[in-house]
Amino acid sequence: MAPIALSKRLLQITCAIAWCLLAAGPVFGFAAIKPILISEHIYEDRCDAKASENDANGGLACNEQDLSLNFLFTIACMVTNVSALPVGSILDSYGPKVTGIIGSIILAVGTLSLRYAALWPQVDGYLIGYSLMALAGPFVFISCFQLANSFPKNSGLILALLTGAFDSSSALFLVYRLIYTNVKRISISTFFSYYLVVPVFILVCQVFIMPRDSYKTIGTLAKIAETGIDETGKPLDTDLLLPEDRDSPVEFIQQPTISETTSLLMRKASMASRRSSTVLRVSMMSTRSTKSVYEQEADNKLHQSSGGTFGILHNSSIGEQLHSKWFILMTLFTTIQMLRINYFVATIKSQERYLYNEDLAILINHFFDLALPLGGLASIPFIGLILDNFTTLTVLIILTIVSVVIGLLGLVAWLPGTYAGILLLVVYRPFYYTAVSDFCAKVFGYDNFGTIYGTIIAFSGVCNILQQVMDKLTHEVFNLNPLPINAFLTAITAIFGVTLIGFVRSQELDMKRKSLEFEAQEAGTRQIPH
């Protein structure tokens, strides 16, 4: 295949960033569009006469209307995350162009459903339309990942831009609300009439601009992101190469024995480096894979920087990985984090109204609507620094501590604490998603990365249906008091987090013990006279 012109590659990336901003995850801007849905009387017919009169006087949703609106977001979260697995399968089978086209069609149908929902009262067009928008997001977003290979040396930057666009896509409904409140009251039907331009734009780009065959698997991109080694086995940064290697093809070496590769990799390493890499070398003995020297060197550095977790299950079967405690504990931790974040997004205004008053709740809601997309952008450099410079165990400790602090700040009616909790949450959200991806790549490897990561996210998505249960408890049992549910979520976060940290710590100690035993055996073997 002939190289694609520089201008066309730049156009492809620009188009992808544009539609990710508009379509990758706008459903997560639910807190911004919810006041408009209430103002437009969506689901108001589910209120009794007395509640409807109170709504007309105070602009508040009755319990039935509030639960129905929150259910939109609950199902949207579930659909978005569960669809990760089938989207990956379609991507593997048919490529990014077909995947993107499917996404644009789903988005168009969802937009039309929202456009005409008021005309079909016998069908819940709002639930169908919002769910289809949520389903379309992964199709149009994940199909862009292959563009990271357009400029291999800048693949990390491209992925960061696409991820930043996804995080910022929640601002779409914020812009709509600002126009609705300050400029013109554009109805839901009219807004989604205009929004039809977006799926048409995506379809045109996919047909006429986007590449057909340059797709790289998510596992490949995860490997590039973790190791910095391209598919030829060379570092993306030529400065990392030896002078004699820069203009020569990379030399692949076979691994018939561990000593052969060890002598190449460790010739400049200290005794401490050799000790920390022993477990990795032991695991390498069980496979006869073909890797370049640079790939093995990158793996060895990742093993050291991760605290020993890198490569621990790379050679295990998918069944062994799915049944491991590594997978089970991370899945439980991810599930509770996703549930907490999405529950807060759906109920922020009602929570703050209970803690403060209506006026302050509106101000806090507006602050959150602005902070959510900006937080994703602001956190990008910090996420990279943390994941690159701290061990897996340290990252998990940071995740748990920050999550518990956010939960505790949500339990007190202290305005500075409320704003601090929101700022932490909007930065924590992309950090947590990226950390889970990083954990999967380091622990489970790249061959099964898509399946492992997709399964964790899909299972967490299914469990998001519990949002509706918690919402009903808050409305019907706790009289709109969010503190019992928030306290429970904070407590279970601490329990799952400490359990995961304790397990990883025990595994690190076990690996260090085996490493010392292995070195002692090696030393004893060398002392035996021949």
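Observations on the structure shown:
- Summed over region 453-464, residues that are modelled with pLDDT under 90 and of a type in the set (Val, Ile, Thr) total 0.
- Boolean, residue 324 is over 19 Å from residue 474 (Cβ atoms), assigned by TED's automatic domain parsing to the domain that holds residue 453, surrounded by fewer than 18 Cβ atoms within 10 Å (Cβ to Cβ) and at pLDDT 95 or above: yes
- Selection status of residue 193, surrounded by 22 or more Cβ atoms within 10 Å (Cβ to Cβ) and closer than 30 Å to residue 121 by Cβ: no
- Out of 131, 189, 155, sole residue that is in the same structural domain as residue 89 (by TED's automatic domain parsing) and modelled with pLDDT under 95: 155
- Subset of region 380-411 (residues that are among the polar types (S, T, N, Q) and assigned to a helix (DSSP H, G or I)): 389, 392, 394, 400, 403
- Within region 96-134, the residues that satisfy the criterion of being within 21 Å of the chain's Cα centre (by Cα) and of a type in the set (A, V, I, L, M) are 107, 132, 133, 134.
- Test: residue in region 165-176 that is over 18 Å from residue 32 (Cα atoms) and touching a residue at least 24 places away in the same chain (Cβ under 8 Å): no
- Scanning region 63-81 for residues that are β-branched (Val, Ile, Thr) and surrounded by 21 or more Cβ atoms within 10 Å (Cβ to Cβ) returns 74, 79, 80.
- Of the residues 232, 181, the single one that is assigned to a helix (DSSP H, G or I), among the β-branched types (Val, Ile, Thr), modelled with pLDDT under 95 and surrounded by fewer than 15 Cβ atoms within 10 Å (Cβ to Cβ) is 181.
- Some residue of region 80-101 being modelled with pLDDT of 95 or more, in a helix (DSSP H, G or I) and closer than 21 Å to residue 118 by Cα: no
Rundown of residues vs (1) of a type in the set (S, T, N, Q); (2) surrounded by 22 or more Cβ atoms within 10 Å (Cβ to Cβ); (3) outside the structural domain of residue 346 (by TED's automatic domain parsing); (4) closer than 20 Å to residue 332 by Cβ, yes/no style:
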site: 443; (1), (2), (3), (4): no, yes, no, yes
site: 460; (1), (2), (3), (4): yes, yes, no, yes
site: 465; (1), (2), (3), (4): no, no, no, yes
site: 482; (1), (2), (3), (4): no, yes, no, no
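- Residues satisfying the criterion are absent from region 352-370 (criterion: assigned to a helix (DSSP H, G or I) and over 30 Å from residue 27 (Cα atoms)).
- Residue within region 119-140 that is of a type in the set (Val, Ile, Thr), more than 26 Å from residue 11 (Cα to Cα) and exposed (fewer than 15 other Cβ atoms within 10 Å of the Cβ) present: yes
- One residue from 362, 312, 348, 328 being under 30 Å from residue 155 (Cα atoms) and not small (Gly, Ala, Ser): 312
The values are calculated or read from the model by the stated rules, or taken from the named source; none is laboratory data. Quick caveat: nothing in here was measured; it's all calculated off a predicted structure. With ideal geometry, Cβ positions are generated from the backbone for all residues, glycine too; neighbour counts draw on all protein chains shown.
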